[in-house]
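Undergrad: Mind looking over this structure? Questions follow.
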Amino acid sequence: MNKFRGTGGTGATAAQFLLNLFIAFLWMLLLDEDKFRVTTFAAGFIVGIFIVFFMHRFFGTQFYLRRMFAIVKLMFIFISELVKSSWSVIGQILSPKLTIRPGIFRYDTVLESEGEVTTLSLLLTLTPGSVVMEVTEDGRGLYIHAMDIESSKQALIVQLKNFEKAIMEVTR
Amino acid sequence: MNADTIVEYTAAILMVTGGLMSLVSAIGLIRLPDVYTRSHAATKSSTLAVLLTLLGGFLYFWALERFISVRLLLGILFVFLTAPVAGHVIIRAAHRSGVKLADISKKDELAEAKERLMEEQNLERLNREKKNDSGV
């Protein structure tokens, strides 16, 4: 799938963006309105996004908005995880008897660069029920304090894997 | 019911939910046993609370007064950038200065790792001293 990775440098991105702009202009001119309207241009740009998206395989490069889509996807994953884990933490806090078993466990991430690991720990610390306590010196091992290690460790690891996958789509 | 009322009610619901969330996190702050679990309540539930409240405000101004408040969005952004850092640093400092986990806690792999590291360092130092002694 990533056969063409590396061939799509900044030049290819710029070419796709220019093509998209060109389509937007063409759209605006073909509609032949009596004055310049931003909304028409924006509509043309959106049409252009679709056209470039369906054509990009013929350029042999990756779609230039792929990274943006990946960021939007990461945001949606994050929000859904935030709501889910908030719900469980509220349940734990408000239950008449505290039945939680907190604990610290180590997780070795597959992410490599500093930025990726920072993003992962930021997202993980933002979602309730887990805080990153310490990062090992090589930046691969995370020590995570979990609110309820017995019942939610498995769910936490699934969540971590989700985040990792989404982050890798953005950065690679 | 026109569109304005719907938006108004949505914003109100968001804000009330946000308020309830911060109430819950305050309760958690009192109920939970140690600094580590408390930091969960303090930093986490409140991020969602702030998100909901500010989003409600943003929606209200946007729909009813046609005013896009960038300040509210920036508020959300900066709370999301700073809250996890604060939580991380607080409990890291707590663990480094030796605050015990609550009795209900199950396991502490970090303390185990730290102990192992200490032992290794001690062993290394002993070896070095031994070498120095034999050298002299």
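Undergrad: Take peptide B:25-31, look around each residue's Cβ out to 10 angstrom, count Cβ atoms belonging to other protein chains, and average those counts.
TA: Taking all residues of B:25-31 together, the mean is 3.
Undergrad: If N is the number of residues in chain A, what value comes out of its Cα radius of gyration divided by 2.2 N^0.38 Å?
TA: 1.43
Undergrad: Suppose a student asked you for the relative contact order of the stretch A:33-163, using Cα pairs under 8 Å spaced at least 6 residues apart; what percent would you report?
TA: 23
Undergrad: Something else now. Given axes a ≥ b ≥ c from the Cα gyration tensor, I'd like to know whether the stretch A:30-109 is rounded (a/c under 1.5), prolate (a/b larger than b/c) or oblate. Write out the running numbers ahead of the final one.
TA: Working: a/c = 6.32, a/b = 2.35, b/c = 2.69.
Oblate.
Undergrad: With every protein chain present, what accessible area does A:Asp138 have (1.4 Å probe, heavy atoms only), rounded to the nearest 10 Å²?
TA: That residue has around 110 Å² of solvent-accessible surface.
Undergrad: Hey, can you list the residues from the stretch A:107-148 whose accessible area shrinks by 40 Å² or more with all protein chains present, relative to the chain by itself (probe 1.4 Å, no ligands or nucleic acids)?
TA: Checking the loss per residue gives A:Leu122, A:Thr125, A:Leu126, A:Val131, A:Met133, A:Glu134, A:Tyr143, A:His145, A:Met147.
Undergrad: Evaluate E = 1/(1 + (r/R0)^6) for B:Phe61 and A:Lys165, where r is the Cβ-Cβ distance and R0 equals 22 Å; express this FRET efficiency to the nearest 0.05.
TA: According to the calculation, E is roughly 0.05.
Undergrad: Between A:Ser130, A:Ser113, A:Ser121, which gets the highest mean-square fluctuation from a Gaussian network model of chain A, Cα cutoff 10 Å?
TA: Answer for the Gaussian network model of chain A: A:Ser113.
Undergrad: So, one more: State, in angstrom, two size descriptors of the stretch A:10-59 derived from its alpha carbons: Rg to one decimal place and Dmax to the nearest whole number.
TA: Taking only Cα atoms of the stretch A:10-59, I get Rg and Dmax of 11.6, 36 Å.
Undergrad: Roughly speaking, to the nearest percent, how much of the stretch A:10-92's 1.4 Å accessible area is carbon and sulfur?
TA: Here it works out to 78 percent.
Undergrad: May I pose another question? How many partner chain Cβ atoms sit within 10 Å of a residue's Cβ in peptide A:80-93, on average, as a whole number?
TA: 4
Undergrad: Beyond 20 Å, what share of the Cα-Cα pairs of chain B is found? Please give it as a whole percent.
TA: For chain B, the share of Cα pairs beyond 20 Å comes to 64 percent.
Undergrad: Enter the accessible area per residue of the protein assembly as shown (Å², integer; probe 1.4 Å; all protein chains in place).
TA: 61
Undergrad: Now a separate question. Using only Cα atoms, find the angle between the long axis of helix B:70-96 and the longest principal axis of chain B, and express it within 0 to 90 degrees, rounded to the nearest 10.
TA: In chain B, helix B:70-96 runs at an angle near 20 degrees to the longest axis.
Undergrad: Still on this structure, please answer the following. Can you list the DSSP H helices in chain A whose Cα atoms extend at least 27 Å along the helix axis and whose mean Kyte-Doolittle hydropathy is -0.5 or higher? Don't skip to the answer; put the middle values down first.
TA: On the way: long enough: A:10-31 (32 Å, 1.77); A:38-59 (30 Å, 1.88); A:66-94 (42 Å, 1.11); A:149-171 (33 Å, 0.12).
Those that clear 27 Å and a mean of -0.5 are A:10-31, A:38-59, A:66-94, A:149-171.
Undergrad: Explain nothing, just the number: dipole magnitude of the stretch B:3-105 about its Cα centre with +1 on each Lys and Arg Cβ and -1 on each Asp and Glu Cβ, in debye rounded to the nearest 20.
TA: Numbers: 8 positive and 5 negative charges, 98 e Å.
Once rounded to the nearest 20, the dipole reads 480 debye.
Undergrad: Let me ask you something else. Any chance you could give the angle, 0 to 90 degrees and rounded to 10, that helix B:3-31 forms with the longest Cα principal axis of chain B?
TA: 30
Undergrad: In whole angstrom, and with the biggest value first, how far do the Cα coordinates of the stretch A:78-165 range along each principal axis?
TA: The Cα atoms of the stretch A:78-165 stretch 43, 24, 17 Å along the principal axes, largest first.
Undergrad: Return the carbon/sulfur percentage of the accessible area of the stretch B:3-105, one whole number, probe 1.4 Å, all protein chains in place. Mind showing how you got there, number by number?
TA: Numbers: 4090 of 5590 Å².
Of all accessible area on the stretch B:3-105, carbon and sulfur atoms account for 73 percent.
Undergrad: Taking the Cα atoms only, what angle lies between the long axis of helix B:46-65 and the longest principal axis of chain B, rounded to 10 degrees?
TA: 20
Undergrad: With solvent modelled as a 1.4 Å probe, how much accessible area in total do chains B and A shield from it at their shared surface, in Å² to the nearest 100? Before the final figure, lay out each step's value.
TA: Working: alone 10360 and 11530 Å², together 18740 Å².
Looking at B and A, the buried total is near 3200 Å².
Undergrad: Also: Listed here are the pairs A:Lys97/B:Lys114; A:Lys165/B:Lys114; A:Lys153/B:Lys44; B:Lys100/B:Lys130; B:Lys44/B:Lys114; A:Lys84/B:Lys114; which of them are more than 23 Å apart at the Cα?
TA: With Cα atoms farther than 23 Å apart: A:Lys97/B:Lys114; A:Lys165/B:Lys114; B:Lys100/B:Lys130; B:Lys44/B:Lys114; A:Lys84/B:Lys114.
Undergrad: Also, I was wondering about something else. How big is the protein assembly as shown in terms of Cα radius of gyration and Dmax, in angstroms?
TA: 25.4, 96
The values are calculated or read from the model by the stated rules, or taken from the named source; none is laboratory data. Treat the numbers as computed from the prediction; the structure is a model and nothing was measured. Ideal geometry is used to build each Cβ from the backbone, glycine not excepted, and the neighbour counts take in all protein chains shown. Please note that ligands, DNA and RNA were not included when accessible areas were found on the heavy atoms of the full protein model with its side chains. Shrake-Rupley method; radii C 1.70, N 1.55, O 1.52, S 1.80 Å.
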